[in-house]
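This report concerns only the one structure given below.
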Amino acid sequence: MRVYNFAAGPSCLPEAVLKKAQAEFLDFAGTGMSICEISHRDKAFGAMVSETEALVRELLNVPEDYAVLFLQGGASTQFAAVPLNLMHTGKADYIVTGNFAKKAWQEGKIYGDAVKIGDSSDKTYTYIPDLDKLEYTPGADYLHITSNNTIFGSVYPEFPVTDAPLVADMSSEIFSREIDVSKFAVIYAGAQKNLAPAGVTIVIAKRELIQDPLKICPTMLQWKVQDENCSLYNTPPSFSIYMANLVLKDLKAKGGVKAIHERDVYKAGLLYDFIDESKLYKNNVEKKYRSIMNIPFVTGSDELDAKFIAEAKKEGLLSLKGHRLVGGMRASIYNAMPVEGVEALITFMKKFEKENA
Ligand SMILES: *Cc1c(COP(=O)(O)O)cnc(C)c1O
């Protein structure tokens, strides 16, 4: 039996995509081989990677002068790749709005003067600092943000506008809203939240800004080298790229990012409206910064939270336990979560509230 999986990542994938992958698993593109067996130098494989790149470009409207890369090492490796490719003068700004943002900043400090210009830890990361009031460092090599905070459930409704190139970790929201890529220098995202199984990380980078990586930058982390080799400098995460290909085709068939965004807003609205009207559940994120992807909530009692998670599991509603830094519950409702999954969760929440009021 399939369950509704509310995990923050790895997370659920569209069922149609899983079935398609299953159907062609033994014979990829008429090669008589599985995608997991084929050489990454095979023509059919190269065509699949090119097609995936074209889908990313089309769905996010990526300008011509940007590289689109499929890399390994997760978003966490990009925490190092960002300074190693961009920190030319040795100073960069970071806004710390959650745990991953903090890790990115700490990684940045290994390579230079990573200045924390904003921090919302005083209220357990339940808001995004006022972007107009921050003191941006003049001449900073870049400004790094985490656009959606997976653990705390907050999101940037709009993005900072500064002279420094803007770098964004969009791991937990990429392809869930339309963005103007030309406003960013670099966007990166691990796949396992909204795109594919773990293994591939997408990097979208303005080419003119990535031509001069630091001398100490490992070859594998040089975006320029990866771009020149069409992400095939070494063996790429082939299965994950293939799955991303299927997910992106599925997304395109569903009407693209604009259409999925409307559905995501609707799904999140159902859950937030219910939580806000309920006497038992509470979401602590400031309303204008609420994520439509990750929705944490608490009952106010650790005991009741544990009971909720255990009983929800029996109803086929899985992975609702909040991150250890927040406690309580968290429903991650990425693109692949059907409306029915959110409705089933709300039905269960109502029943649980009645029984435990
Ligand atoms: C999950 C996540 C990461 C870490 O991704 P890995 O692929 O595990 O390295 C980084 N940033 C954000 C915003 C995330 O949600």
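The figures follow:
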read-out	value
Condition met for Gly269 (within 23 Å of Phe152 (Cβ to Cβ), in a loop (DSSP other than H, G, I, E, B) and of a type outside the set (A, V, I, L, M, F, W, C))	no
Unique match (being open to solvent by less than 20 Å² (accessible area, probe 1.4 Å), under 19 Å from the mean Cα position of the chain (by Cα) and aliphatic (A, V, I, L, M)) among Leu55, Leu59	Leu55
Number of the exception - Asp264 against (1) farther than 14 Å from Leu195 by Cα; (2) open to solvent by 50 Å² or more (accessible area, probe 1.4 Å)	(2)
Count of residues meeting criterion [assigned to a helix (DSSP H, G or I) and either touching a Lys or Arg at 6+ places or on another chain (Cβ under 6 Å) or aromatic (Phe, Trp, Tyr) (or both)] in segment 104-126	2
Residue, nearest to Pro218 (Cα to Cα), within segment 69-83, restricted to residues that are surrounded by 21 or more Cβ atoms within 10 Å (Cβ to Cβ) and aliphatic (A, V, I, L, M)	Ala81
Wholly within segment 1-103, helices (runs of 4 or more DSSP H) carrying at least 3 residues that are away from the ligand (no atom under 16 Å from the Cβ) and among the β-branched types (Val, Ile, Thr)	43-60
Test: residue in segment 183-193 that is aliphatic (A, V, I, L, M) and farther than 20 Å from Ala80 by Cα	no
Among the residues listed as Asp132, Asp119, the single one being open to solvent by 30 Å² or more (accessible area, probe 1.4 Å), in contact with a Pro (Cβ under 8 Å, 6 or more places away or on another chain), away from the ligand (no atom under 16 Å from the Cβ) and over 24 Å from Gln222 (Cβ atoms)	Asp119
In segment 84-113, the residues that are among the small types (Gly, Ala, Ser) and open to solvent by 10 Å² or more (accessible area, probe 1.4 Å)	Gly90, Gly112
Selected residue [touching an Asp or Glu at 6+ places or on another chain (Cβ under 9 Å), touching a residue at least 24 places away in the same chain (Cβ under 8 Å), over 19 Å from Lys193 (Cβ atoms) and not β-branched (Val, Ile, Thr)] from Asn283, Asn245, Asn335	Asn283
Pick from segment 167-200, criterion open to solvent by 30 Å² or more (accessible area, probe 1.4 Å) and not in a loop (DSSP other than H, G, I, E, B), ranking: farthest from the ligand (Cβ to nearest atom)	Ser182
Number of the condition not met by Ala205 [criteria: (1) open to solvent by 30 Å² or more (accessible area, probe 1.4 Å); (2) more than 10 Å from the ligand (Cβ to nearest atom)]	(1)
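The values are calculated or read from the model by the stated rules, or taken from the named source; none is laboratory data. Because the structure is predicted, anything quoted here is derived from the model rather than measured. Neighbour counts are summed over all protein chains in view; Cβ atoms, including those assigned to glycine, are modelled from backbone coordinates with ideal geometry. Areas reflect the complete protein model, heavy atoms only, side chains present, ligands, DNA and RNA absent. Shrake-Rupley method; radii C 1.70, N 1.55, O 1.52, S 1.80 Å.
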